[in-house]
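The values are calculated or read from the model by the stated rules, or taken from the named source; none is laboratory data. The structure displayed is predicted, hence computed values, not measured ones. Backbone-built Cβ (ideal geometry, glycine too); neighbour counts: all protein chains shown. Ligands, DNA and RNA are excluded from the accessible area calculation, which covers all protein heavy atoms including side chains. Shrake-Rupley method; radii C 1.70, N 1.55, O 1.52, S 1.80 Å.
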Amino acid sequence: MIIDFTISNFRSIRDEQTFSLYAENPGTHLLENIAYPDEGRYGVLKSVGIYGANASGKSNLLLAFEALQYLIRVSERWKDGQPIDCYEPFRLSARMKKEPVRFEVEFFTPDRTRYLYKIAFNSERIVEEHLSFYPSAKAALIFDRKEDDNWETIRFGTLFTGGKKRIPFFDNNAYLSKAGDSADAPEMIRKVYNFFRNDMLRLGLNEQVMFDEWVENKEVLNKVSALLNFVDTGVSGVLVQEHDVDPDKMKLPDGLPKPMKESILRDMRRSFLFAHPTDTSAVEWFDLQMESAGTRKLFHLAPLVIDALDDGGVLIVDELDNSMHPFMAELIIKLFNDPEVNRGNAQLIFSTHNVNLMSSEHFRRDQIWLTEKGNGATRLFSLEDFDKKKVKPQSPFNRWYAEGRFGAVPKIDYRRIVDLLKRPEVSDA
């Protein structure tokens, strides 16, 4: 579970901003929306919704998660001197364009161990990297890397034991990436690596899942099929078809990593048919493109929801309700907040424009986050930051947000738009 994520100098996020899922003030409202991965001492929110105007930075916050995960999953493959292509500093400042991007994330792995990971990088090298964990209330160092360190001078903590620690890396390789993918590294580092590799699931706007990761699991496929049926899509079953594909005739972009090429080819070898009952008790089969946009979105999202809930993962979705009926988005939120379903401390982080979801029936104040821009830079804040005497747990969050009481809404100059679009008057003369 993600506890806190601190970002600076990434895309529209210029100044240090902390996105927190720590339930600092549990109170009494919707206590079931809080998980306690360390058996009661540390409360973490099961779901968080992010609101804000278009281009206010919602997607950039979620893309920061993706960039962090990308560094950890992929940088161990980079050759010496290869640029760090996820370096995207704040471009509206001459100074910040030359400064490192900085990420700091505090989290629990599924085995309920709490960690803190920091990384800072520019286009050429990792300038700082740090990992520690909490065997008690006090943090214990796992490794620490400064700008001038190499694989021979990186510093390790005394509790980082059980395997080979000093693993060679280039300046552009994250040590966590290099060591985490090494079979002879200590188990501790591999568990952290696998948290980012396997337990952080993300679906961006208009993205599709790579089906090879779950389609061969009949149990998951059956659950996806049943879920589509239970939410009144008209789909009563899903069938997987296999096709022959000649990789030599496929025109894939140059430079794709081998695992990605193999994944794309596996997806091309499969198609999906959806059963719809007819008036004669038979079925008619439709391919995926014949289904509604909402059904397609739910079909891509459902395996990630099932995976996260089964394994206690973190699911990150940009515009959760895009193409779907609001009831479907509400269903997914309810599943993550429901202690009967979410027994493994799974977590949902999503952005949306749907103010109907911003309800005190579904969310606590600390579960609603807002993004707002000033001078091109994104600011993050939650309803928990407002005066608690005015914004109470049962306040009508959605109505007050629509009225502009919390900010983070588009500033529309209607008069100037009218002047821009209205037809000029034509003189009779």
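Using C-alpha pairs below 8 Å separated by at least 6 residues, the relative contact order for the range 295-429 is 19 percent.
In plain terms, the bigger the Kirkwood radius, the slower the diffusion; for the range 133-184, with that radius from Cα pairs, at 4 °C and 1.567 mPa s, Stokes-Einstein puts D at 109 µm²/s.
Rounded to the nearest 20, the size of the Cβ-charge dipole of the chain about its Cα centre is 1280 debye, with Lys and Arg at +1 and Asp and Glu at -1. Dividing the summed helix terms, -39500 (n - 2.57) for each DSSP H run of n ≥ 4, by the number of residues in the chain produces a 222 nm estimate of -7500 deg cm²/dmol to the nearest 500.
Go through VAL101, TRP78, SER47 and say which Cα lies farthest out towards the positive end of the charge dipole of the range 36-179; charges sit on Cβ, +1 for Lys and Arg, -1 for Asp and Glu. Value computed over the given set: SER47.
Annotation: per residue accessible area for the chain equals 51 Å², rounded to a whole number [probe 1.4 Å, protein chains only]. Separation of the range 294-365 from the range 1-27 is 20 Å, based on Cα centroids.
Amide H contacts for GLU372 (H built 1.01 Å from N in the peptide plane; partners 5 or more residues away or on another chain; cut-off under 5 Å): ARG379. Short-range pairs are left out: with C-alpha atoms under 8 Å and at least six residues apart, the relative contact order of the chain is 19 percent. Measuring r between the beta carbons of GLU124 and TYR36 and using R0 = 51 Å, the FRET efficiency lands at 0.75.
In the set (i) 23.8, 93; (ii) 21.9, 69; (iii) 25.8, 86, the label that goes with Rg and Dmax of the Cα atoms in Å computed for this structure is (i).
Over all pairs of different C-alpha atoms, the range 1-97 has a mean inverse distance whose reciprocal, the Kirkwood radius, equals 15.9 Å. Based on Cα atoms of the range 298-429, Rg over Rh with Rh as the Kirkwood radius reads 1.13.
For ASP232 and ALA139, the FRET efficiency from 1/(1 + (r/R0)^6), where r spans their Cβ atoms and R0 equals 41 Å, is about 0.25. Between exposed GluC sites (Glu not before Pro) in the chain, where DSSP calls loop and at most 14 other Cβ atoms lie within 10 Å, what's the longest gap? With a cap of 14 other Cβ atoms within 10 Å, the longest stretch comes to 217-339.
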